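Take a look at the structure below.
Each reported figure results from applying straightforward, stated rules to the coordinates on display, with no laboratory input. Remember, predicted model here, so these are calculated numbers, not experimental data.
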Amino acid sequence: MTDIPRITLLPVGKPDRRALDDLARDLSGMGFVVELAGRRALPQGAFDAKRRQFHADALLGLALSVRAERVLAVTDVDLYAGDLNFVFGVAQPSGEACVISLFRLYLDADEEHFRGRALKEAMHELGHTFGLGHCADPGCVMWFSNTLGETDRKGAAYCPRCEETLRLARRPP
């Protein structure tokens, strides 16, 4: 792995282009090199008509099909996983791909608030791809968010303990 992680943003469905550009800029500000891939259609069979949501694992599978150091799929549809009512995102632990949904992040948010939520969820799911688990520090971006309020309260950066874990994981053997 290079010193500066490279992230490929993969639009899935029809996420807002401005939101994607803002997220790319914000992730760059957090120390990532970011490139935007071409848009992909939502995967066939991912929609559960009874739930009126898309299965997050289907979008994760689509992200895994892209050859890149790290892929962050970004969608505008509502996601679920397992028996959870919804998820803001999912990741391949210690892997190469993750997915976030902007769908719920827009709720009761002005542009700045929405942008902060999107960055936090992206940083959180990317953290999982780098091997981080959920953190006990409620200010750390790796704190598990089950509600938008919890997302709003946590920070956008990794706490010192998670940052050190990342540093050690990226150190050459």
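Some notes on this structure:
- Karplus-derived HN-Hα couplings along segment 108-115 (A = 6.51, B = -1.76, C = 1.60, θ = phi - 60°), whole Hz, x at Gly and Pro: 6, 10, 7, 4, 5, 5, 4, 4
- Across segment 149-162, computed HN-Hα scalar couplings (Karplus, 6.51 cos²θ - 1.76 cosθ + 1.60, θ = phi - 60°) run x, 5, 5, 5, 6, 7, x, 9, 10, 6, 5, x, 5, 5 Hz from first to last residue, x flagging Gly and Pro.
- Euclidean distance between Cα centres, segment 40-119 to segment 132-146, Å: 18 Å
- Whole-Hz ³J(HN,Hα) from phi, Karplus 6.51 cos²θ - 1.76 cosθ + 1.60, for segment 58-74, glycine and proline x: 5, 6, 5, x, 4, 4, 5, 7, 8, 7, 6, 4, 9, 10, 10, 7, 10
- Look at the alpha carbon pairs under 8 Å that are at least 6 residues apart: their mean separation over the length of the chain gives a relative contact order of 19 percent.
- Near Ser145, no amide H atom lies under 5 Å from its own; only residues 5 or more places off or on other chains count, and H is placed 1.01 Å from N.
- Given (i) 0.98; (ii) 0.94; (iii) 1.05, the label whose value is Rg/Rh (Cα atoms, Kirkwood Rh) derived from this model: (ii)
- Dividing the summed -39500 (n - 2.57) terms of all DSSP H runs of n ≥ 4 by the residue count of the chain sets its mean residue ellipticity at 222 nm at -10500 deg cm²/dmol.
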